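Worksheet: the structure to be examined is printed underneath.
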Amino acid sequence: MNISYIILVPLIPLVVFLLLGIFNQKIKPAVSGYVGVFGLLASASLSLYAAYHYFFISGKVDGTYQTFTEKSIWMNFTDALHIDMGILIDPISMMMLVVVSIVSLMVHIYSRGYMKGDNGYTKFFAFLSLFTFSMYGLVLATNLFQIYIFWELVGVSSYLLIGYYYTKTSAIAAAKKAFIVTRFADFGFLIGILIIGFYTGTFDFETLNNPEGSAILNWAATSFMGLSVITWALILIFIGGAGKSAMFPFHIWLPDAMEGPTPVSALIHAATMVVAGIFLVARLFPMFYFVEDGFALNIVAYVGAFSALFAAIIAITQTDIKRVLAFSTMSQLGYMMLALGVSGYDGQEGVGYMASMFHLFTHAMFKALLFLGAGSVIHAVHSNYLKDMGGLRKYMPITNFTFLIAAIAIAGIPPFAGFWSKDEILVAAYEHNKLIYYVGVFVAGLTAFYIFRIYFGIFWGKEKTYNHTPKESPLSMTFPLMVLAFLSITAGFIPFSEFVTADKNGFDAHLNYSLAAIATAVGLIGIIMAWVFYKKENSLSDKYAKAFGPFYKWASDKFYFDEIYMFVTKKILFKRVSGPIAKFDNKYVDGTMVGIGNKTVWASEKIKGIQSGKVQDYAFAFIAGVVVIALVSIYLLTS
């Protein structure tokens with residue numbers, strides 16, 4: 001299979017970024033929007049063509065999907081250890097190309113209407129193109145160091161877009177928070193990469209993921225604190241993925257990241273950047289699975305399950321619709337992580353891996369739709385809060401209908417897309433870990449409840465008194481909603497298990513009717529409860545909030561994790577650790593150097609008269625020196 005043309009997929013948005021960035025002041029806003037959209041349309045077209053060619057024409061040999069690479073050495077460390085730059089094509093990289101392309105294209109089109117009239121219109125499209133280039137580079141990476149380079153570029157792009165409204169203090173704080181929190185996680189990722197490079201002598205994915213290769217087997221005898229070195233490296237790499245995918249305890253940056261424009265939330269924090277951590281674990285899945293009976297994979301499973309439950313509970317209590325969707329994203333990412341954690345490798349044993357990638361695919365469509373739908377509502381009422389919304393269905397029929405489709409999809413109701421992928425996750429959990437399965441079912445009910453809570457609160461309920469009459473968004477915004485709504489209905493019918501599996505051999509996935517019926521029933525119960533509580537304005541929600549007492553308050557305040565982090569950083573790290581170190585540095589380290597400098601100045605002041613520039617002074621010193629030498633010589637000769 002010829003894959004050389006795929007390099008154009010990331011290069012096109014890079015060229016668009018440079019063009020819009022360099023000529024920011026010269027390009028008219030309307031033109032920059034079209035440049036951004038058509039640039040992404042070109043990349044998306046190439047991605048879809050490549051995916052079709054790979055999955056249906058030339059990607060499979062003897063029933064197994066092949067891996068194709070084109071790369072060249074960028075930096076040499078030793079004869080064996082080097083960093084390559086290139087592209088790697090396999091089922092998950094092709095799947096991610098499709099996801100990034102579709103969502104990014106829809107966001108670019110949507111942004112033409114949403115950002116119209118903004119002073120930084122051209123700059124915004126430049127930042128979107130930079131992010132898309134970075135994400136393409138990440139999913140096509142051939143080795144750990146290449147993925148790390150684009151991993152950090154994605155972080156920079158996220159920082160720029162979250163802090164796009166740079167005159168807002170809250171946006172600046174959110175951008176810095178996201179950047180700093182993910183840097184701590186990325187430090188673990190970097191250490192893991194260095195450990196792998198040191199012990200295996202390679203960063204290459206193909207070599208590392210070979211279950212029978214020496215890169216894995218040679219590590220078995222090397223251990224630290226009861227675990228093999230490779231297990232520690234994988235745990236550290238997972239920490240990096242947990243930070244990017246907002247897993248507990250690195251989740252605190254994601255809700256604040258909603259300070260960026262809503263299209264940014266849809267692109268970065270719903271469908272692409274936050275799934276980078278899921279993609280990373282999937283990319284190294286053979287290593288996670290085969291080393292020490294999957295010890296690191298068990299950590300992935302339990303962290304994912306806890307994150308899913310923890311975020312879903314918080315989402316129920318939030319009143320800012322974008323923050324509800326942010327915690328929903330964290331919960332669904334937890335679903336994807338736990339699916340990887342309970343997966344096998346061969347054939348149908350790998351249903352968890354397949355289900356995780358399937359849910360990543362379907363979730364990208366309906367969660368982007370939810371965010372863009374929320375943006376359409378915010379655009380109409382100029383508020384993020386449920387208290388300022390109600391009865392909008394008659395003013396915004398397209399937004400209402402498409403948002404409802406996305407809500408049904410994420411609630412896991414058949415035949416919408418979320419039902420099929422979530423069902424496969426629950427099947428994998430049931431077969432491997434009953435506790436995680438029960439958590440998954442409970443989270444399914446919570447998901448249906450909180451998503452229909454905001455649906456009924458926005459489009460039904462009591463109509464609010466608006467300063468102006470709300471109206472439907474323009475076609476540039478509603479067209480992406482309709483496209484994503486169509487995909488939220490149909491994406492679940494893709495026979496995903498034939499295309500994306502752990503061992504690259506397709507298998508037939510069958511619906512488990514009993515487990516599907518349980519999950520669907522739980523989802524319907526969640527929807528019915530939301531109907532009772534929120535379809536019409538009543539006091540039920542307030543009564544139950546009071547009934548839960550302090551627990552509701554804790555959940556509403558996100559269990560005070562922001563406060564805990566601030567206490568640890570300010571009161572412990574800054575005051576108790578950094579403060580004394582700074583004082584020692586100022587008093588002793590700086591003091592010593594300042595003292596040496598002051599004494600040097602003092603000494604120079606005392607002796608600078610020797611170089612006065614006066615001839616008579618030099619003559620006096622010369623004669624005095626001769627006399628002293630003569631007297632000393634006479635004394636020595638006569639003694």
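The values are calculated or read from the model by the stated rules, or taken from the named source; none is laboratory data. Remember, it's a predicted structure, so these values are computed and weren't measured experimentally. Here Cβ is always computed from backbone atoms with ideal geometry, including for glycine, and neighbour counts include all displayed protein chains.
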* Cβ-Cβ below 9 Å, separation at least six or inter-chain, first residue in region 176-198 and without any contact (Cβ under 8 Å) to a residue 12 or more places away in the chain, second not in a helix (DSSP H, G or I): which pairs? -> Phe198/Leu81
* To do: Report whether or not Phe479 is in a helix (DSSP H, G or I), aromatic (Phe, Trp, Tyr) and under 26 Å from Ile525 (Cβ atoms).
  => no
* Number of positions in region 533-543 that are free of Cβ contacts under 8 Å to residues at least 24 places away in the same chain, touching a helix residue (DSSP H, G or I) at 6+ places or on another chain (Cβ under 7 Å) and over 29 Å from Trp253 (Cα atoms) -> 1
* Return yes when Ile425 is free of Cβ contacts under 8 Å to residues at least 60 places away in the same chain and either assigned to a loop (DSSP other than H, G, I, E, B) or at negative phi (or both) and no when it is not. => no
* Structure fact -> Among residues of region 1-55 being more than 16 Å from Leu128 (Cβ to Cβ) and in contact with a Gly (Cβ under 8 Å, 6 or more places away or on another chain), the residue modelled with the lowest pLDDT is Met1
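For every residue, the table says whether it meets (1) modelled with pLDDT of 90 or more; (2) surrounded by fewer than 16 Cβ atoms within 10 Å (Cβ to Cβ); (3) among the β-branched types (Val, Ile, Thr); (4) part of a helix (DSSP H, G or I).
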site: Thr167; (1), (2), (3), (4): no, yes, yes, no
site: Ile191; (1), (2), (3), (4): yes, no, yes, yes
site: Pro211; (1), (2), (3), (4): no, yes, no, no
site: Ala221; (1), (2), (3), (4): no, yes, no, no
site: Ile230; (1), (2), (3), (4): no, no, yes, yes
site: Met258; (1), (2), (3), (4): no, no, no, yes
* Has region 82-102 got any residue that is outside any loop (DSSP other than H, G, I, E, B) and of a type in the set (Asp, Glu)? -> yes
* **Among residues of region 85-100, those that are farther than 24 Å from Thr64 by Cβ and surrounded by fewer than 24 Cβ atoms within 10 Å (Cβ to Cβ), counted** => 1
* Selected residue (only one of Ile623, Ile634, Ile528, Ile610 is surrounded by 12 or more Cβ atoms within 10 Å (Cβ to Cβ), over 32 Å from the mean Cα position of the chain (by Cα) and assigned to a helix (DSSP H, G or I)) -> Ile528
* Asked: Conditions: (1) over 23 Å from Ile268 (Cβ atoms); (2) crowded, with 23+ Cβ neighbours inside 10 Å. Ile313 meets all but one. Number of the miss?
  -> (2)
* Only listed residue being within 30 Å of Met106 (Cα to Cα), modelled with pLDDT under 95 and hydrophobic (A, V, I, L, M, F, W, C), chosen from Phe548, Phe499, Phe533, Phe507 -> Phe499
* Just to be sure, is Ile109 in contact with a Lys or Arg (Cβ under 8 Å, 6 or more places away or on another chain), outside any strand (DSSP E or B), within 30 Å of Thr362 (Cβ to Cβ) and not hydroxyl-bearing (Ser, Thr, Tyr)? -> no
* To do: Kindly indicate whether any position in region 115-130 is aliphatic (A, V, I, L, M) and free of Cβ contacts under 8 Å to residues at least 40 places away in the same chain.
  => no
* Of these, Ser158, Ser134, Ser111, Ser104, which one is without any contact (Cβ under 8 Å) to a residue 40 or more places away in the chain, under 23 Å from the mean Cα position of the chain (by Cα) and buried (at least 24 other Cβ atoms within 10 Å of the Cβ)? -> Ser134
* Could you list all residues from region 338-388 that are surrounded by 24 or more Cβ atoms within 10 Å (Cβ to Cβ) and either assigned to a loop (DSSP other than H, G, I, E, B) or free of Cβ contacts under 8 Å to residues at least 12 places away in the same chain (or both)? => Val342, Ser343
* Cβ pairs under 6 Å, 6+ apart, first in region 503-529 and farther than 30 Å from Ile316 by Cβ, second buried (at least 18 other Cβ atoms within 10 Å of the Cβ) and not aromatic (Phe, Trp, Tyr) -> Phe507/Ser497; Ala509/Ser497
